[in-house]
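Take a look at the structure set out below.
Where a number appears in this text, it was derived from the coordinates with a stated rule and is not lab data. Worth saying up front: this structure is predicted, and the values here are computed from it rather than measured. Please note: Cβ atoms are built from the backbone with ideal geometry, for glycine as well, and neighbour counts cover all protein chains shown.
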Amino acid sequence: MSFGKLKELVTSRNPFCGHKVDLSCFNGLQELTISKYESSMSLFSFSIARNLVTLRELYIHECDEIVQVIKDKEEKAVSTGERNRLFPNLQRLRLVDLCKLVSFFEWNCDVELPSLRFVIIRGCPNIKNFSLAPNLEYFSTDLNNYLEVGVKVPFDCLKQLGIHRNKNLLYCYKIPVSLFSGLEELEIYGYDGSMSLFSSSIVGNLVNLKKLEIWICDEMMQVIEDDEEEKAVSGDGQRTTLLFPKLQDLGLYWLSKLVSFWEWKCDVELPSLRILCIHDCPNMIYFTLGSITTPNLKTAKINERYFGVANDLNVVLQKQYLAREKENQENEKKGSAEDQENKAEIEEEQNS
């Protein structure tokens, strides 16, 4: 069978493991998906990898025995220049549910993937080394100590960042907060490491953020927490803050303990906000203890209903909170009355 014109390959076996494989057959391959391959601790040798010069997308998932993606028995004979020429056109990489994966490359050195822009790494709890991707724009991970163990992510190039079930990435002291300055979209899912997500110093560096979504963070009570130093400088805390100057889209979903966005007495302005969705945040009482100014926000979607916010978002949130409390109290009274009726019926039946 000839593979000379093959552009996309999806397989549950390793197509490169045969001793008589003609590597030139795969020279035009652009998309490769490998799943449930369990016959080896690696997928490619260096000689195979350097032939995949046109590969643009690589998706590896559910390969339980893989420890590294690329391995070379003669690694000492491979120069740094040769390593840096691997996958010159690779743009999208997904590594999912690889329980033994430690590294992408076996070598203990930095390897550049110059065209890589999109990376997802999930369900790879043992990964310790990755590579350099100087042009990376989208990065999504569920790893708790990703940077602590040596994975190099160029945050200053990132436009989109997704963090799933990660406890401490944004609070990692080894990350200069200035590296988040180019970020435009941020999605947080299942963050349970703290009662807040950002420190105010990190927020001050998210000057280009346009979209923020936060999902199912069961312990979160506020999104932003003030640094202790800023509290001391600000005295009583009353100040005007230009928050996220470019933020247009904000979504808060299933945050059961959330009370406020910023629990500090300050006047907040979100000048670019146009879309606000709040769903199933039953304890949210206000946005901030001070006033909130949103000149471009006309309506807010709260629990699938739209509310006008021409005056003050805090007023809308407080009204919705009080309405929920009243409804809960009425339901409790109704339930209590029904319980009393049922009890009376049971006693009457027993006495008859």
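Please report the net charge: other residues with Cβ closer than 13 Å to the Cβ of Val259, K and R +1, D and E -1.
Working: positive: Lys257; negative: Glu219, Glu225, Glu263.
Net charge in that neighbourhood comes out at -2.
I need the calculated FRET efficiency for the pair Tyr253 and Ala310, taking r as the beta carbon distance and R₀ as 35 Å, to the nearest 0.05.
That pair, Tyr253 with Ala310, gives E of 0.90.
Past 24 Å, Cα to Cα: identify those pairs from Lys159/Lys301; Lys257/Lys326; Lys265/Lys333; Lys71/Lys159; Lys159/Lys257; Lys301/Lys326, in the order given. Write out the running numbers ahead of the final one.
Details: Lys159/Lys301 26 Å; Lys257/Lys326 18 Å; Lys265/Lys333 36 Å; Lys71/Lys159 31 Å; Lys159/Lys257 29 Å; Lys301/Lys326 20 Å.
Violating the 24 Å Cα-Cα cut-off are Lys159/Lys301; Lys265/Lys333; Lys71/Lys159; Lys159/Lys257.
Treat the count of other C-beta atoms within 10 Å as a stand-in for reagent exposure and order Cys124, Cys63 from fewest to most. Walk me through the numbers before you get to the answer.
Values: Cys124 21, Cys63 26.
Lowest count first: Cys124, Cys63.
Are there chymotrypsin sites (Phe, Trp or Tyr not before Pro) in the range 252-332 that DSSP puts in a loop and that have at most 11 other Cβ atoms within 10 Å, and which ones?
Answer in residue order: no site qualifies.
Below 11 angstrom from the Cβ of Thr299, what's the summed charge of the other residues (Lys, Arg +1; Asp, Glu -1)?
Numbers: positive: Arg274, Lys298, Lys301, Arg305; negative: none.
Local net charge: +4.
Compute the distance in nm between two label points, each set 7 Å from the Cα along the Cα-to-Cβ direction, one at Val102 and one at Ser35.
2.8 nm
What length, rounded to one decimal in nm, is gained on full extension from Asp218 through to Lys265, with 0.36 nm per residue of separation minus their alpha-carbon distance? Can you show the working numbers first?
On the way: separation 47, 0.36 × 47 = 16.92 nm, distance 2.42 nm.
Between Asp218 and Lys265, full extension yields 14.5 nm more.
Work through the residues other than Arg92 whose Cβ is under 11 Å from its Cβ and net out their charges, Lys, Arg +1 and Asp, Glu -1.
On the way: positive: Arg56, Arg94, Arg117; negative: Glu31, Glu57, Glu137.
After counting each charged neighbour, the total is 0.
At 0.36 nm per residue, minus the direct Cα-Cα distance, what do Gln329 and Asp192 gain on full extension? Give it in nm, one decimal, please. Before the final figure, lay out each step's value.
Details: separation 137, 0.36 × 137 = 49.32 nm, distance 2.94 nm.
Taking Gln329 through Asp192 to full extension adds about 46.4 nm, to one decimal.
Rank these for me by crowding, Val53, Val119, going from fewest to most other beta carbons within 10 Å. Could the numbers behind the result be given before it?
On the way: Val53 16, Val119 21.
Least crowded to most crowded, the residues run Val53, Val119.
Report the calculated FRET efficiency for Ser12 and Tyr138 (r = Cβ-Cβ distance, R0 = 22 Å), to the nearest 0.05. Each step should come with its number before you reach the end.
Numbers: r = 27 Å, r/R0 = 1.22.
The pair Ser12/Tyr138 has a calculated efficiency of 0.25.
Modelled label-to-label distance, Cys157 and Asn296, 7 Å Cα→beta-carbon offset: nm?
Rounded to a tenth, the inter-label distance reads 2.9 nm.
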